[in-house]
Amino acid sequence: MVRKTGMYTHRIILLTLASVCFLTRAIAADHVATFSGLPKGDELQMTFTTSGCFHYASYELTFRHPAETTVNIVQIEPEWSQNPSNHITLGELSLTKADVEGLDRLLQFYRSGPGKGCTTVDKISISQHHDGKITATEQFIDGSCSYDRKELTRITALVDKLTKKK
């Protein structure tokens with residue numbers, strides 16, 4: 001009987017490991033495309049919120065890749081503002097190759113699970129859309145105080161570029 005129990009236990013362990021591998025692959029398939037690898041016709045929609053001791057800002061960004069990669073940025077005012085419509089369109093920005101490469105590195109950085117411990121916390125929700133349907137979604141929280149990493153294209157830098165353009 002001991003031998004049979006051991007055999008059944010072994011099968012259960014193998015089935016459990018196979019299930020974990022399958023689930024891991026399923027989770028990996030849910031990653032959104034990189035900014036440089038975004039298929040034509042697809043778009044990445046991102047909600048980016050940053051808050052800290054002395055600031056709060058929230059934005060909706062839509063990245064498209066027709067002939068060149070563009071981003072449309074909308075600022076979301078806090079609900080308590082006097083503005084009757086809390087979504088303010090800031091405009092559209094054509095991204096350079098360096099911007100796109102930096103966004104790919106930013107996405108890789110977010111996926112690495114940045115640390116915590118900073119009073120400034122960025123919350124990022126990003127989804128990939130194809131033919132009006134969501135094909136993948138990812139969410140990140142960055143409390144790492146890593147704003148000195150020059151190789152990354154920060155979302156706040158895109159907003160700054162757009163507001164300086166006006």
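Structure notes:
- Considering residues of the range 129-166 that are touching a Lys or Arg at 6+ places or on another chain (Cβ under 8 Å) and of a type in the set (Ser, Thr, Tyr) only, the residue farthest from residue 103 (Cα to Cα): 144
- Contact map, the range 137-164: first residue closer than 11 Å to residue 124 by Cβ, second residue surrounded by 13 or more Cβ atoms within 10 Å (Cβ to Cβ) and basic (Lys, Arg), Cβ cut-off under 9 Å, separation 6 or more or different chains; pairs are 139/123; 140/123; 141/123; 142/123.
- Failed item, numbered, when residue 30 is tested on (1) in contact with a strand residue (DSSP E or B) (Cβ under 6 Å, 6 or more places away or on another chain); (2) at pLDDT 90 or above: (2)
- Total residues in the range 116-166, condition over 13 Å from residue 50 (Cβ atoms) and touching a helix residue (DSSP H, G or I) at 6+ places or on another chain (Cβ under 6 Å): 3
- Of all the criteria given as (1) farther than 20 Å from residue 41 by Cα; (2) free of Cβ contacts under 8 Å to residues at least 24 places away in the same chain; (3) in a strand (DSSP E or B), the one not satisfied by residue 79 is (3).
- Positions within the range 150-160 being crowded, with 17+ Cβ neighbours inside 10 Å and not in a loop (DSSP other than H, G, I, E, B), in sequence order: 155, 158, 159
- The residues in the range 127-140 that are exposed (fewer than 14 other Cβ atoms within 10 Å of the Cβ) and among the aliphatic types (A, V, I, L, M) can be counted, and the count is 1.
- Qualifying residue in the range 67-85 (condition: among the hydroxyl-bearing types (Ser, Thr, Tyr) and at pLDDT 95 or above): no
Yes or no, residue by residue, for (1) out of contact with any Gly (no Cβ under 7 Å at 6 or more places or on another chain); (2) within 17 Å of residue 38 (Cα to Cα); (3) surrounded by 12 or more Cβ atoms within 10 Å (Cβ to Cβ):
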{"residue": "52", "(1), (2), (3)": "yes, no, yes"}
{"residue": "59", "(1), (2), (3)": "yes, no, yes"}
{"residue": "79", "(1), (2), (3)": "yes, no, no"}
{"residue": "96", "(1), (2), (3)": "yes, yes, yes"}
{"residue": "100", "(1), (2), (3)": "yes, yes, yes"}
{"residue": "116", "(1), (2), (3)": "no, no, no"}
{"residue": "119", "(1), (2), (3)": "no, no, no"}
{"residue": "125", "(1), (2), (3)": "yes, yes, yes"}
{"residue": "148", "(1), (2), (3)": "yes, no, no"}
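- Condition met for residue 63 (hydrophobic (A, V, I, L, M, F, W, C), within 19 Å of residue 135 (Cα to Cα) and not assigned by TED's automatic domain parsing to the domain that holds residue 159): no
- Selection of the range 25-50 for residues being crowded, with 17+ Cβ neighbours inside 10 Å and farther than 22 Å from residue 109 by Cα yields only 42.
The values are calculated or read from the model by the stated rules, or taken from the named source; none is laboratory data. In this text, all values refer to a predicted model and were calculated from it rather than measured experimentally. Heads up, the Cβs are rebuilt from the backbone with ideal geometry, glycines too, and the neighbour counts pull from every protein chain shown.
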